[in-house]
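Read the structure below first, then the notes.
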Amino acid sequence: MGAGSGEGSSKPWGGRFEEEQSPLFERLNASIPFDHVLAPYDLKGSQAHVRMLAGIGVLTENERDTILEALVQVAREVEEGSFTWSLKDEDIHMAIERRLTEIAGAVGGMVHTGRSRNDQVALDLQLYLRDAVSGHQRRLRNLMGVLLGQAEEGRDVIFPGYTHLQRAQPILLAHHLLAYVFMLERDWDRFASWVKSSWMPLGAGALAGVNYPSDRKKVASELGFERVALNAMDAVASRDAAFEYLADAANCGLTLSRLAEELVLWTSQEFNFAALPESWSSGSSIMPQKRNPSGAELVRAKTAGFLARLQGLGVVLKGLPLAYDNDLQEDKLYVFGTREELDLCLDAMAAMVGGLSFHPEVARAAAEGSYSQATDVADYLVEKGLPFREAHRISGRLVAKLAAEGRPFADAGMEELTVLSPLFDEGYYEVVKLERVIAAKRSPGGTSPSSVAEQLRIARDVLNRLDSAAG
Ligand code: ARG
């Protein structure tokens, strides 16, 4: 066949063409090099479609069964790796239809009745994303469990809490780790609401609907969707679900990158609050003493990719006229990259956090040596009747004096204290004890042992909720 043969080009859609495709255009146009990962979803969608076609009498039961059997064989070949991928097939949809027809004969060509690649690919993407989301949720749950485990162990460990990366107030290590558990819970919930809002596009055809009374509800319920797309153009042209997925993933990436940064800081020689196991540290090719937190650094960096892919898809979509445009073929590049990288980052963070060993004495000394009780000294003077602003100033004067002499709060003598304010008394020495400072933060969500115990309880409930939602 080919130019001038009178039979059209060799492509399945080639009837109206005489010339063969330019090889360069074939390369530009083909999505098979990347969309082959959609195979399991495409097969699942085709099975549901074929059953529906038989249900409305468009296919006989025999035709349906022949196609379904052949689809099972195609699935097996894909799984076993014996399926032949060819650029000539253009995309996963045509590759599967080609093989289906080789196996089943001409009846295989009936699979595409009442369907366009436009609604087919939209369905594949929905199914793919749903799978991606459930994998992320499983891994998020695992990471949260690991963090909670470390928090339970660190419920008595005193840690310096920071603002501006300057030591601010003493906290419990558990308080710090629990912040991440609740941040990740929101990441999990965003993925859950993604699933709730997803819909089933098949039956839209190319853009106008199809000439058959497609039972779209049946396809939707077979494939586990609660909703069908209500407008055929919307169904084939919209990629907001993919964009939203990338946004949810990017949000999760932001959480991971902040946790990764904490790991980098904590395991540095300057902080030395924790160490990563050797199995999660890398060496230097020139400096024999180095032990680098490369895993955490790379998770931190990969978040750039999550944000870039979100932006990338947004730019692809911006200004596209309805309905399907070939630009939409590129949506998958952003989505596939993000799924793979997010799974990797979530697993890596769980392993690193689980492998952290903390250095409680070092962390405590850092909290002690930084006048992080200064706000509590001010509050103590407030209790004795001073306005907070005045109390703040006196506490600040005391810090200035002690810091200049390199002495801790506990070292201040009663005489030097009463020079600053006659309100100081022996109670001061209790006030500056770290345990007391922490115990005083008993507002809900605070760092006192009782508030942290409550947070731990809530976090355990959260994990139970996620487990029962996952079924
Ligand atoms: N490979 C295409 C994609 O990924 C499938 C849809 C093609 N539709 C078309 N009209 N060319 O978007």
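If you take the residues of the range 91-104 that are open to solvent by 20 Å² or more (accessible area, probe 1.4 Å) and farther than 16 Å from residue 124 by Cα, which of them is nearest to the ligand (Cβ to nearest atom)?
98
Since residue 67 meets every condition but one in (1) crowded, with 20+ Cβ neighbours inside 10 Å; (2) more than 21 Å from residue 331 (Cβ to Cβ); (3) in contact with a Ser or Thr (Cβ under 6 Å, 6 or more places away or on another chain), which condition does it not meet?
(3)
Inspect all residues belonging to the range 70-82 and state whether any of them is open to solvent by less than 40 Å² (accessible area, probe 1.4 Å), within 15 Å of the ligand (Cβ to nearest atom) and of a type in the set (Val, Ile, Thr).
No - not one qualifying residue is present in the range 70-82.
Check off (1) buried (at least 20 other Cβ atoms within 10 Å of the Cβ); (2) assigned to a helix (DSSP H, G or I); (3) in contact with a strand residue (DSSP E or B) (Cβ under 8 Å, 6 or more places away or on another chain) for residue 375 and give me the number that stays unchecked.
Going through (1) buried (at least 20 other Cβ atoms within 10 Å of the Cβ); (2) assigned to a helix (DSSP H, G or I); (3) in contact with a strand residue (DSSP E or B) (Cβ under 8 Å, 6 or more places away or on another chain) one by one, residue 375 breaks only (1).
Of the conditions (1) under 18 Å from the mean Cα position of the chain (by Cα); (2) assigned to a loop (DSSP other than H, G, I, E, B), residue 270 satisfies every one except a single condition; which number is it?
Evaluating residue 270 over (1) under 18 Å from the mean Cα position of the chain (by Cα); (2) assigned to a loop (DSSP other than H, G, I, E, B) leaves (1) as the failure.
Would you check if residue 242 is within 16 Å of the ligand (Cβ to nearest atom), farther than 30 Å from residue 368 by Cβ and in a helix (DSSP H, G or I)?
Details: within 16 Å of the ligand (Cβ to nearest atom): yes; farther than 30 Å from residue 368 by Cβ: yes; in a helix (DSSP H, G or I): yes.
Yes; evaluated as a whole, the condition is true for this residue.
Checking residue 85 against (1) within 16 Å of the ligand (Cβ to nearest atom); (2) open to solvent by 60 Å² or more (accessible area, probe 1.4 Å); (3) touching a residue at least 60 places away in the same chain (Cβ under 8 Å), which single condition isn't satisfied?
Unmet for residue 85, out of (1) within 16 Å of the ligand (Cβ to nearest atom); (2) open to solvent by 60 Å² or more (accessible area, probe 1.4 Å); (3) touching a residue at least 60 places away in the same chain (Cβ under 8 Å): (3).
For (1) within 16 Å of the ligand (Cβ to nearest atom); (2) open to solvent by 10 Å² or more (accessible area, probe 1.4 Å); (3) free of Cβ contacts under 8 Å to residues at least 40 places away in the same chain, each residue gets a yes or a no:
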| site | (1), (2), (3) |
| --- | --- |
| 115 | yes, yes, no |
| 139 | no, yes, no |
| 154 | no, no, no |
| 175 | no, yes, no |
| 183 | no, yes, no |
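Being in contact (Cβ under 8 Å) with a residue 60 or more places away in the chain and not in a loop (DSSP other than H, G, I, E, B) is the filter here, so list the residues in the range 217-230 that pass it.
Passing the criteria: 218, 219, 222.
Scan the range 319-351 for residues that are more than 13 Å from the ligand (Cβ to nearest atom) and under 17 Å from the mean Cα position of the chain (by Cα) and report the count. Break it down into steps so the answer makes sense when it comes.
Applying the first criterion (more than 13 Å from the ligand (Cβ to nearest atom)) to the range 319-351 yields 319, 321-322, 337-351.
In the following step, the residues that additionally are under 17 Å from the mean Cα position of the chain (by Cα) were identified as 337-351.
Final tally of qualifying residues: 15.
Exactly one of these conditions fails for residue 314: (1) open to solvent by 30 Å² or more (accessible area, probe 1.4 Å); (2) more than 18 Å from residue 349 (Cβ to Cβ). Give me its number.
(1)
Could you list all residues from the range 114-166 that are under 18 Å from residue 447 (Cα atoms) and in contact with a Pro (Cβ under 6 Å, 6 or more places away or on another chain)?
The answer is 157, 158.
Looking at (1) under 24 Å from residue 249 (Cβ atoms); (2) within 16 Å of the ligand (Cβ to nearest atom), which is the one condition that is false for residue 120?
The one condition residue 120 does not meet is (1).
Test residue 146 against the criterion of being part of a helix (DSSP H, G or I) and farther than 22 Å from residue 458 by Cβ, and give yes or no. Break it down into steps so the answer makes sense when it comes.
On the way: part of a helix (DSSP H, G or I): yes; farther than 22 Å from residue 458 by Cβ: no.
In short, no.
I'd like the full set of residues that are closer than 17 Å to residue 245 by Cβ and buried (at least 18 other Cβ atoms within 10 Å of the Cβ), limited to the range 200-233.
Within the range 200-233, 200, 201, 225, 229 meet the criteria.
Among all residue pairs at least 6 apart or on different chains, which show Cβ distances below 6 Å where the first residue, located in the range 319-332, is over 12 Å from residue 118 (Cα atoms) and open to solvent by less than 40 Å² (accessible area, probe 1.4 Å) and the second is within 12 Å of the ligand (Cβ to nearest atom) and basic (Lys, Arg)?
Within 6 Å, the pairs are 331/239.
Just for the range 338-354: of the residues that are surrounded by fewer than 18 Cβ atoms within 10 Å (Cβ to Cβ) and not aliphatic (A, V, I, L, M), which one is farthest from residue 279 (Cα to Cα)?
Of everything passing the filter in the range 338-354, 340 is farthest from residue 279 (Cα to Cα).
The values are calculated or read from the model by the stated rules, or taken from the named source; none is laboratory data. Predicted model, so just to flag it, every value in this text is computed and none were measured. All Cβ positions, even for glycine, are placed from backbone atoms using ideal geometry, and neighbour counts span all protein chains on display. Keep in mind that these areas ignore ligands, DNA and RNA; they rest on the heavy atoms of the full protein, side chains included. Shrake-Rupley method; radii C 1.70, N 1.55, O 1.52, S 1.80 Å.
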